[in-house]
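Before any comments, here is the structure.
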Amino acid sequence: MKNRALMILLIVILGVAFATPALSAKPIKLKFANYFPPPARHSIICEEFIAELSKRTNGRVEIQYFTGGSLLKAPAIYNGVVKGIADIGLAHIEYTPGRFPVSGACELPLSYPSAWVANQVANDFYNEFKPKEWDDVRVLWMHSSNPNVMITAKKPVTKLEDLKGMTIRAPGIVGYTVSALGATPAPTPVMEVYDGMSKGVIDGVNIPFETLRTFRFGEVAKYVTSSWQVGNVYTFFVAMNKNSYAKLPPDIKEIFDILCGEFKERFALAWNQIDFEGMEFALNKGVKILDLSDDEVVRWQKATEPVIDNYVKEMVGKGFSEAEVNGWIKFLHERIDYWTAKQLELRIKSPTGPAAMRP
């Protein structure tokens, strides 16, 4: 009888020992770096991603979230993810100039009608070409800003000639576009644009509608020209340290990958929505929204063609074939057309794009 009792006790002990490691194991701890301030829509969505991951993994994954550049400043986020300072990071490619020349094709003035379309196209481009420039990280999803528009402090812009003699804040490839349109680009830090416009140091800024609210440009601007037909976009990414991803258990990876797919779409819709918020803020401040005439659209697009041509030449100089680079641009045009039709089909509204897209 004693032996039988001991045997049962031993079986129970062994059963508990082998059945509970998953329950008693320490949670996987990760760090997520984001330079947007906590109130920004982008930051809030990342918080939702973290909470949903914890929920779906029953607390097996815990992510410590660093917003506002508290762990890594924006220019340091990509390299910080590569080095493992952060396991996950959100930033855009212009913060590491020259690091993502292939992905830079997405930022050309290609007539993106909306943020939703630009987001879909950025992911399509990455998935189609898998540029080697991303080999040091695991890309979780790409996303994109809204197409730039022309925000001016005092002078309305309705034709190319209006830009002559104006100084417009526009860094990098956006500066090439602004220069092609006849204005003088200024690489003013975005945090200095408000004062620059209010004091007349610069005449305006080429940037999305959403900044009218997020950076309060609607308080110092009188006009916005909805020049999305030549509006550059900024290509954003959410990337993960390769080793951090590789260490995840298979079942966690499956949950993680599914969630990333869902939040790719959440970001696309969020970028689209914040443009409306920027426009509404500006209208409440008395800002006038101007559209380009059909003839002016043709002129502006013709004026910015050299920006695209120069990109092709630059990439050929980096060792890519002209046919290859033109293939990227052709692909981007095709996907813009595809997703534009899809947005119209789904009746997703945006403040930019063809009239049928607008409220």
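Being without any contact (Cβ under 8 Å) to a residue 60 or more places away in the chain, more than 26 Å from GLU47 (Cβ to Cβ) and of a type in the set (Lys, Arg), is that true of even one residue in the range 246-255? For the range 246-255, residues without any contact (Cβ under 8 Å) to a residue 60 or more places away in the chain, more than 26 Å from GLU47 (Cβ to Cβ) and of a type in the set (Lys, Arg): absent. Of all the criteria given as (1) under 26 Å from TRP339 (Cβ atoms); (2) surrounded by fewer than 16 Cβ atoms within 10 Å (Cβ to Cβ), the one not satisfied by LYS247 is (1). Considering only residues in the range 138-178 that are within 21 Å of the chain's Cα centre (by Cα) and of a type in the set (S, T, N, Q), the one that is farthest from PRO113 (Cα to Cα) turns out to be THR177. Taking the range 118-165 as the search range and keeping residues that are small (Gly, Ala, Ser) and under 17 Å from PHE209 (Cα atoms), which one is surrounded by the fewest Cβ atoms within 10 Å (Cβ to Cβ)? Among residues in the range 118-165 that are small (Gly, Ala, Ser) and under 17 Å from PHE209 (Cα atoms), the one surrounded by the fewest Cβ atoms within 10 Å (Cβ to Cβ) is ALA153.
Being free of Cβ contacts under 8 Å to residues at least 24 places away in the same chain and touching a strand residue (DSSP E or B) at 6+ places or on another chain (Cβ under 9 Å) is not true of ASP294. Any idea how many residues of the range 1-33 are of a type in the set (Lys, Arg) and either at pLDDT 95 or above or buried (at least 16 other Cβ atoms within 10 Å of the Cβ) (or both)? Count: 2.
Scanning the range 100-155 for residues that are within 15 Å of GLY353 (Cα to Cα) and free of Cβ contacts under 8 Å to residues at least 40 places away in the same chain turns up nothing. Going by what's in this entry, would ASN119 be described as under 25 Å from GLU334 (Cβ atoms), out of contact with any helix residue (DSSP H, G or I) (no Cβ under 7 Å at 6 or more places or on another chain), modelled with pLDDT of 95 or more and assigned to a helix (DSSP H, G or I)? Judged against the criteria, ASN119 is not a match. So if I check each of PHE36, PHE100, which one is crowded, with 19+ Cβ neighbours inside 10 Å and at pLDDT 90 or above? Only one candidate qualifies: PHE100.
Matching residues to (1) in a loop (DSSP other than H, G, I, E, B); (2) among the hydrophobic types (A, V, I, L, M, F, W, C):
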site: VAL307; (1), (2): no, yes
site: GLU314; (1), (2): no, no
site: PHE320; (1), (2): yes, yes
site: ASN326; (1), (2): no, no
site: LYS342; (1), (2): no, no
site: PRO359; (1), (2): yes, no
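Among the residues in the range 251-273, are any in contact with a Pro (Cβ under 9 Å, 6 or more places away or on another chain), closer than 22 Å to LYS154 by Cβ and either part of a helix (DSSP H, G or I) or at pLDDT below 95 (or both)? Within the range 251-273, not a single residue is in contact with a Pro (Cβ under 9 Å, 6 or more places away or on another chain), closer than 22 Å to LYS154 by Cβ and either part of a helix (DSSP H, G or I) or at pLDDT below 95 (or both).
For every residue, the table says whether it meets (1) out of contact with any Phe, Trp or Tyr (no Cβ under 9 Å at 6 or more places or on another chain); (2) surrounded by fewer than 22 Cβ atoms within 10 Å (Cβ to Cβ); (3) closer than 27 Å to ASP136 by Cβ.
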{"site": "ALA183", "(1), (2), (3)": "yes, no, no"}
{"site": "ALA186", "(1), (2), (3)": "yes, yes, no"}
{"site": "TYR194", "(1), (2), (3)": "no, yes, no"}
{"site": "VAL201", "(1), (2), (3)": "yes, yes, no"}
{"site": "PRO208", "(1), (2), (3)": "no, no, no"}
{"site": "TYR223", "(1), (2), (3)": "yes, yes, no"}
{"site": "TRP228", "(1), (2), (3)": "no, no, no"}
{"site": "THR235", "(1), (2), (3)": "no, no, yes"}
{"site": "LYS242", "(1), (2), (3)": "yes, yes, yes"}
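Could you check, for the range 71-85, whether at least one of its residues is assigned to a strand (DSSP E or B) and not basic (Lys, Arg)? No, there is no match, as no residue in the range 71-85 is assigned to a strand (DSSP E or B) and not basic (Lys, Arg).
Picking from residues in the range 326-359 that are more than 26 Å from ILE289 (Cβ to Cβ) and either aromatic (Phe, Trp, Tyr) or in contact with a Lys or Arg (Cβ under 7 Å, 6 or more places away or on another chain) (or both), the one that is surrounded by the most Cβ atoms within 10 Å (Cβ to Cβ) is TRP328.
The values are calculated or read from the model by the stated rules, or taken from the named source; none is laboratory data. Note that this is a predicted model, so its numbers are computed, not measured. Note: ideal-geometry Cβ built from the backbone for every residue, glycine included; neighbour counts use all protein chains shown.
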